[in-house]
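Report on the structure given below.
The values are calculated or read from the model by the stated rules, or taken from the named source; none is laboratory data. Only a predicted model underlies this, so the values are computations on that prediction, with no experimental measurement involved. Cβ placement follows ideal geometry from the backbone for every residue including glycine, while neighbour counts extend to all protein chains displayed.
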Amino acid sequence: MTTRVRLAIFSSGLVLVAALLVDGVSNLPPFGRYAGPYGDIVARLVEPQRHMANAVTAVVFDYRGFDTMGEELILFAAASAVALLLREMRDHDTSDLVEGIRSDALRGVGALAAIVTFVLALQVVAHGFITPGGGFQGGVVLSAAFALVFLTNEYRAYNRLASSSFAEPVEALGAGGYVFLGLLALALGFGFLENFLPFGVTGRLRSGGSAAIVNWSSALAVSGGFALIFSEYLQENVAVRHGRVGK
Amino acid sequence: MTILPYLLAVWIFLVGLVGIVTSRNLIHLTVCVSICQSATYILLLAIGYKSHGTAPVFADIPTSRKVVDPVVQSLTLTDIVVAVAVSALLLALALKVFEAEGSLDPAEIAELKG
Amino acid sequence: MEPLQIVAMLYVALGALCVVLARDVVRQALVFSLYGFSLVVLFVVFQAPDVALSALVVSGIAYPLVLVGAIARCHGQRKGGGK
């Protein structure tokens, strides 16, 4: 089957799919007139019932915490699969790597930026129930702090800070901690992943109950997973850059 | 024009689909898959939007204020972060294909030859 | 539907087309990052700040690192031809 025949078949199929999709979306409620009751109920109840100011984070970690656990396990599986696929291509001997970055100014600014990004990540995670933020966004920013160390400093510093022997336990702690917290709620007589700690005051850092602990554990899981993925990819880059392809 | 955001989502999905079919590089193909995923985010957010509604964060507004739907936003935000990890997995597969076959072109890889 | 929303949607539609039409993968990584930023603007205008924050960190940090890391490993195979 040549390319041209394949493209002709695809074009006819594309027209059919396009017609089907346009017909489908034309029967949706008009834009701006959200009809369903579930969102309204959650928005009305989130502050008096759970004392959380951010309704989206409340839905992610409290009302629909079970779905978030599934998403986190997807992340865990994907990061583990990346490590499994790319692990054997890595070269463990780093003693004769030439230092690529020679500018002290770059190293200094990079270290400073990494520290600031780390604190910013902690702030984004901690304020998840008050302002837009939470475990997922803060987890990615946390992994970015470690990636900054790699980009502006030498490979050995990055290896010391975020090697896979450090990223993997953090990620496992995060993902396992989520499930453990759900089981703990079950053991204490509540439902699985039910919010069983006192809720605190809306708008303070101590609001959220046990969903706040779930918030932190998912931040650990996300940052550990991304640090693992980055370390697998960036190590390949380093091995190639110094002229030795790990085989 | 009340279905314009939905048409935008359909357009982006079809553009990504065309990119996947006509791609000559496995990494380019992975990015086109991400484009298709972003179409679903726009569709979800457009369904939950309310005219003159504001963001569902009650830090400085009273609870009686009209807000957009927070449930679809929660689905979208976890989806965006997890999609990156899945794309990383697809890229790792592409790297293994490159290591085994020496080429990233789907037309030149024996198993994928159509 | 406000004019700002219409403009943001037009930018997103144009950006998606540009990402698919960028055949050199290094260029496509950059254009994809910019498309992610136009998505951030669209999400903010749709009153979804949490989603916008998530899209911002992902398309600014995670995607470029992963894409460029993969491209660097496949050195010499950058160009993906057109039709």
remark   = Considering segment C:1-59, residues that are crowded, with 17+ Cβ neighbours inside 10 Å and among the charged types (D, E, K, R), and then whichever is farthest from the other protein chains (Cβ to nearest Cβ), we arrive at C:ARG23
key: Hits in segment A:203-226 - residues which are within 13 Å of chain B (Cβ to nearest Cβ), closer than 20 Å to A:LEU173 by Cα and at pLDDT below 90   = A:ALA211
ask   = Can you tell me which residues in segment A:81-119 are of a type outside the set (Val, Ile, Thr), surrounded by 14 or more Cβ atoms within 10 Å (Cβ to Cβ) and modelled with pLDDT under 65?
value = A:MET89, A:ARG90, A:ASP91, A:LEU97
query = Which of the residues belonging to segment B:60-107 are farther than 27 Å from C:LEU65 by Cα and among the charged types (D, E, K, R)?
reply = B:ASP60, B:ARG65, B:LYS66, B:ASP69
ask   = What residue, of A:GLY200, A:GLY189, A:GLY133, is at positive phi, at pLDDT 85 or above and either outside any helix (DSSP H, G or I) or basic (Lys, Arg) (or both)?
value = A:GLY133
query = Given the structure, is A:ALA78 touching a helix residue (DSSP H, G or I) at 6+ places or on another chain (Cβ under 7 Å), part of a helix (DSSP H, G or I) and modelled with pLDDT under 85?
reply = no
query = Looking at A:GLY203, A:GLY225, A:GLY208, A:GLY174, which one is closer than 30 Å to B:ASP60 by Cβ and crowded, with 21+ Cβ neighbours inside 10 Å?
reply = A:GLY208
Residues located in segment A:54-75, provided they are outside any helix (DSSP H, G or I) and either crowded, with 24+ Cβ neighbours inside 10 Å or in contact with a Cys (Cβ under 6 Å, 6 or more places away or on another chain) (or both) = A:ASN54
remark   = Screening A:ALA221, A:ALA211 for residues that are farther than 30 Å from A:VAL149 by Cβ, in contact with an Asp or Glu (Cβ under 6 Å, 6 or more places away or on another chain) and assigned to a helix (DSSP H, G or I) leaves only A:ALA211
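So that you can scan it fast, the table gives a plain yes or no per residue for (1) under 30 Å from B:VAL21 (Cα atoms); (2) facing chain B (nearest Cβ under 9 Å); (3) within 32 Å of the chain's Cα centre (by Cα); (4) surrounded by 18 or more Cβ atoms within 10 Å (Cβ to Cβ):
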{"position": "A:ARG6", "(1), (2), (3), (4)": "yes, yes, no, no"}
{"position": "A:VAL15", "(1), (2), (3), (4)": "yes, no, no, no"}
{"position": "A:LEU20", "(1), (2), (3), (4)": "yes, no, no, no"}
{"position": "A:ALA43", "(1), (2), (3), (4)": "no, yes, yes, yes"}
{"position": "A:MET52", "(1), (2), (3), (4)": "no, yes, yes, yes"}
ask   = Got a sec? Which of A:GLY36, A:GLY32 is more than 30 Å from A:LEU183 (Cβ to Cβ), more than 7 Å from chain B (Cβ to nearest Cβ) and under 32 Å from the mean Cα position of the chain (by Cα)?
value = A:GLY36
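Please state which one of A:SER217, A:SER231 is out of contact with any Phe, Trp or Tyr (no Cβ under 6 Å at 6 or more places or on another chain), of a type in the set (Ser, Thr, Tyr) and touching a residue at least 60 places away in the same chain (Cβ under 8 Å).
Among A:SER217, A:SER231, only A:SER231 is out of contact with any Phe, Trp or Tyr (no Cβ under 6 Å at 6 or more places or on another chain), of a type in the set (Ser, Thr, Tyr) and touching a residue at least 60 places away in the same chain (Cβ under 8 Å).
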message = For segment A:36-66, which positions are among the charged types (D, E, K, R) and without any contact (Cβ under 8 Å) to a residue 60 or more places away in the chain?
response = A:ASP40, A:ARG44, A:ARG64
key: Where B:ASP69 falls short, out of the listed (1) crowded, with 24+ Cβ neighbours inside 10 Å; (2) within 8 Å of chain C (Cβ to nearest Cβ); (3) not small (Gly, Ala, Ser)   = (2)
task = Taking the residues in segment B:51-66 that are within 7 Å of chain A (Cβ to nearest Cβ) and in contact with a strand residue (DSSP E or B) (Cβ under 6 Å, 6 or more places away or on another chain) as candidates, determine which candidate is nearest to A:PRO29 (Cα to Cα).
result = B:SER51
request  = Pairs only if they're at least six apart or on different chains, beta carbon under 7 angstrom, first in segment B:10-32 and under 26 Å from C:HIS75 (Cα atoms), second among the charged types (D, E, K, R); list them, first residue then second.
outcome  = B:THR22/C:LYS83; B:ARG24/B:ASP105; B:ASN25/B:ASP105; B:HIS28/C:ARG23
remark   = Of the residues in segment A:125-148 that are surrounded by fewer than 24 Cβ atoms within 10 Å (Cβ to Cβ) and without any contact (Cβ under 8 Å) to a residue 40 or more places away in the chain, the one that is farthest from A:GLY65 (Cα to Cα) is A:LEU148
